[in-house]
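First the structure, in the form of C-alpha cells, and then the observations on it.
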Amino acid sequence: MEGTTYLKIIKFNRVTSTNDIAHRLAEKGAREITVVWAKGQTKGRGRRGRKWNSPYSKGLYVSFVFRPQAEARKLNLLGMAIALAVIYALRDIIPVKIKWPNDILCGKKKIGGILVESKVSLHHPDYVIVGLGLNINNLLKELPASATSIFIETKRKYSLDKIFNLILKEVIIWYRHFKKKDYTEIAQRASENLDTLGKKVVVYTEKKVIKGTAYKIGKDARLYVRSDGNGVKRIFASSVVHLR
C-alpha cells in the first residue's frame, strides 16, 4: 500500500446490507480497497446478528474490502484501526470514543458501529470485510433510546459525502498502519480512545464471569482487565462486557 492506493468506490441506492454486497464482490476477486456505499439498507446488521437501523439518506452505510497479509487473530485489531479512523475523521466535528470491541460512542450513547467479517484459509484471511454504520442526520424519533446522531448532538446537518471523504482518508492511513504491522501503535491509540478505560466492568465469557477494571487494549486486540483479586485477564471480542 505504499504510494498510490488502489481505490474503487461502488455506490448503491438501497441494498440489503453493504457487507453482503462486499462479500459477493470479494468472492469475485475485488481488490483492496473496494468500497461499497449505500444510501439505505433493508437488512443492515451489527455484531451477534443485531439489526442496524438504516433510514434512507440519513446515515453512512459503507463496507470496505481488504486483503491484508495478516494472521486471522489480528483481525479484531483491524476493526480497532477503522474505529480510530472514524475518531480522527470526526475530531473537528464531534468527540467520539470506542466502546470495546466495535461500537463508537458519543457520551454514553451509540453513534456508530463496526462489523468485521472474513473468509479465512489456513489461519490467514482470503479477504476481510469491515462494515461501518454511522448515524449522521438521523432524527431522535428514528433511533432507539440508546443511540444518537451527529445532528442530534450538534444541531447541524452534514453532507454525507463530506463525512465519507473525511473517514475514507483516515481509513487509508490507518489501514496502512495495519498493513505495516504497527499493532502496538494501533493498540496504544485505541487504548487512549477507549471509553471503558479505567472503569469497573463485568465480563461474561463462555465459561465464567469476570469482574475487574479495564485498563488497555493489547496488540492482540484483546481487552486487558485487572480482575478483582485474581490478576490480569485478557478478554476476547466474543465476550460480553458491561459497566458495573
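The values are calculated or read from the model by the stated rules, or taken from the named source; none is laboratory data. On a predicted model such as this, the values are computed, not experimentally measured, just so you know. Side chains are part of the model used for accessible areas, which takes the heavy atoms of the whole protein and leaves out ligands, DNA and RNA. Shrake-Rupley method; radii C 1.70, N 1.55, O 1.52, S 1.80 Å.
Taking amide H as placed 1.01 Å from N in the peptide plane, the amide H of ILE111 sits under 5 Å from that of ILE104, LEU105, CYS106, THR148, each at least 5 places away or on another chain.
Please compute the Kirkwood hydrodynamic radius of region 130-212 from all pairs of different C-alpha atoms, in Å with one decimal. Let's see the in-between values first.
Details: mean 1/r = 0.0616 Å⁻¹.
About 16.2 Å for region 130-212.
Within the chain, all pairs of alpha-carbon atoms sorted by distance into 5 Å bins from zero give the percentages 1, 6, 14, 18, 20, 17, 13, 7, 3, 1, 0. Solvent exposure of the chain, expressed per residue, is 49 Å² of accessible area, with all protein chains present and a 1.4 angstrom probe.
Coordinate range of the alpha-carbon atoms in region 105-244 per principal axis, descending: 48, 37, 25 Å.
Roughly to the nearest percent, how much of the accessible area of the chain is carbon and sulfur, given a 1.4 Å probe? Within the chain, the accessible surface is 50 percent carbon and sulfur.
Close amide H contacts of LYS200 (hydrogens built in the peptide plane, cut-off under 5 Å, sequence separation of 5 or more or a different chain): ARG244.
State the dimensionless ratio Rg/Rh of region 1-141 (Rg: radius of gyration of Cα atoms; Rh: Kirkwood radius). Please list the in-between numbers first.
Numbers: Rg = 14.8 Å, Rh = 15.5 Å.
For region 1-141, the value is 0.95.
Note on region 117-171: the C-alpha convex hull projects to 5.6 nm² when averaged across all orientations. Taking every DSSP helix (H) stretch of at least 4 residues in the chain, weighting each as -39,500 (n - 2.57) and dividing the sum by the residue count yields a mean residue ellipticity at 222 nm of -7500 deg cm²/dmol.
Partner aspartates and glutamates whose Cα lies under 12 Å from the Cα of LYS180, excluding those fewer than 8 positions away in the same chain, are identified as GLU2.
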